[in-house]
Structure formats: C-alpha cells, structure tokens
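Here the structure comes first, spelled out in structure tokens, and everything after it is commentary.
The values are calculated or read from the model by the stated rules, or taken from the named source; none is laboratory data. Keep in mind the model is a prediction, meaning the values are calculated, not measured. Glycine gets a Cβ as well: all are built from the backbone with ideal geometry, and neighbour counts include every protein chain shown.
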Amino acid sequence: MQHQLDSYIEKEKNVADQDLFDKKVIALLVEVGELANETRCFKFWSEKGPSEKSVILEEYVDGVHFLLSLGIEKQLRFQPDSTPSSSRELTAQFFELYGVINSFALQPSQETYNRMWECYLKVGQELGFTSENIMAAYSEKNEVNIKRQQQGY
C-alpha cells in the first residue's frame with residue numbers, strides 16, 4: 001500500500017526522478033515530534049493530560065507511513081528479530097528514537113533500519129497499541145492520504 005501511495009505522489013508531484021530521502025527523514029522526525037506532542041509525556045510544566053488514544057494512534061501511523069517509505073526508498077524491509085519490552089520512560093524512548101533516526105539518516109543500512117523500527121515499535125507498545133490497532137489505523141490513514149492527493153493536497 002505504501003509503495004502505491006509513494007508512486008502516486010511522486011508521479012503526480014513530478015518528483016519521481018528526485019532523491020527524496022532527506023525530505024522523508026525530516027518528515028519522519030516531524031511526525032515523531034507530533035506524536036510526542038500528543039502524548040504530552042515531556043511536558044512536565046503542564047497539568048493537561050495526553051490527547052485521546054485515537055488521536056495518538058493517528059499520529060503514530062503517520063510515522064509508520066514514513067518508516068515504510070524510507071525502507072522502500074532504500075530497498076530495505078524490516079526484519080524483526082524480536083521487540084523486547086522496554087521499561088524506559090516514554091520521554092526517554094522518544095529521545096532514543098530521534099537518535100536512531102539520525103543514525104539511519106547518516107548510515108541507511110539494514111541494521112539501522114531494523115533498529116529504527118524496533119525503537120518505533122517499542123514506543124507503540126508503551127502507548128498500548130497492538131499490531132492489529134496499528135495495521136487497521138494505517139489502512140484507514142492510507143485511504144485518507146490517497147483521497148487528499150486526489151483532491152490536490
């Protein structure tokens with residue numbers, strides 16, 4: 001599904017011959033920031049709680065879109081070893097995720113791609129998302145993204 005969406009966007013935006021790697025990495029970093037913002041896990045100064053779980057899940061799958069897109073761009077596919085549970089505080093997990101994304105940006109390899117996914121999945125696990133939740137929300141958001149593109153987004 002991601003490959004179809006990427007191909008459609010690249011054709012429609014006339015960027016199929018461009019290297020979009022850096023832009024996709026920045027997009028992923030922005031999406032991770034938006035996700036962290038919705039969880040409010042780092043906002044020690046605020047009494048306001050996190051957004052609704054559905055909002056957080058939607059932000060989470062926005063990141064999944066770019067993780068998949070980066071893998072397609074570099075001809076990599078996540079090869080899960082195992083995703084161990086993490087007892088780290090969510091803010092620390094986001095901090096680690098930013099570092100792993102940066103490592104992938106500097107050295108896009110199968111190893112760094114796997115580490116990026118593992119780290120992202122740990123965040124999802126900490127947020128209470130199941131693989132079923134994520135896949136269903138991804139499919140839903142993919143349809144939204146296609147419609148947006150068709151409407152001149």
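Just to be sure before I move on: is Y8 closer than 18 Å to C119 by Cβ, in a helix (DSSP H, G or I) and of a type in the set (S, T, Y) in the structure I sent?
When the stated conditions are applied, Y8 does not pass them.
Checking S85 against (1) at pLDDT below 95; (2) surrounded by 15 or more Cβ atoms within 10 Å (Cβ to Cβ); (3) not acidic (D, E), which single condition isn't satisfied?
(2)
Is there a residue being surrounded by 14 or more Cβ atoms within 10 Å (Cβ to Cβ) and of a type in the set (K, R) anywhere in segment 11-22?
No: zero hits.
Residue under question is W117, and the condition is that it be farther than 22 Å from V25 by Cβ and either among the hydrophobic types (A, V, I, L, M, F, W, C) or under 16 Å from the mean Cα position of the chain (by Cα) (or both); does it hold?
No: the conditions fail for W117.
Does V61 satisfy being closer than 18 Å to Q149 by Cα, β-branched (V, I, T) and touching a helix residue (DSSP H, G or I) at 6+ places or on another chain (Cβ under 6 Å)?
Yes, satisfied.
Just to be sure I understand, how many residues within segment 11-43 are within 20 Å of L97 (Cα to Cα) and either free of Cβ contacts under 8 Å to residues at least 40 places away in the same chain or among the aliphatic types (A, V, I, L, M) (or both)?
Adding up the residues that qualify gives 17.
If only one of Q79, Q125, Q93 is of a type outside the set (S, T, Y), buried (at least 16 other Cβ atoms within 10 Å of the Cβ) and modelled with pLDDT under 95, which one is it?
Only one candidate qualifies: Q125.
Please specify each residue of segment 7-25 satisfying the condition of being touching a helix residue (DSSP H, G or I) at 6+ places or on another chain (Cβ under 9 Å) and either over 23 Å from V144 (Cα atoms) or modelled with pLDDT of 95 or more (or both).
D17, Q18, D19, L20, F21, D22, K24, V25, listed by residue number.
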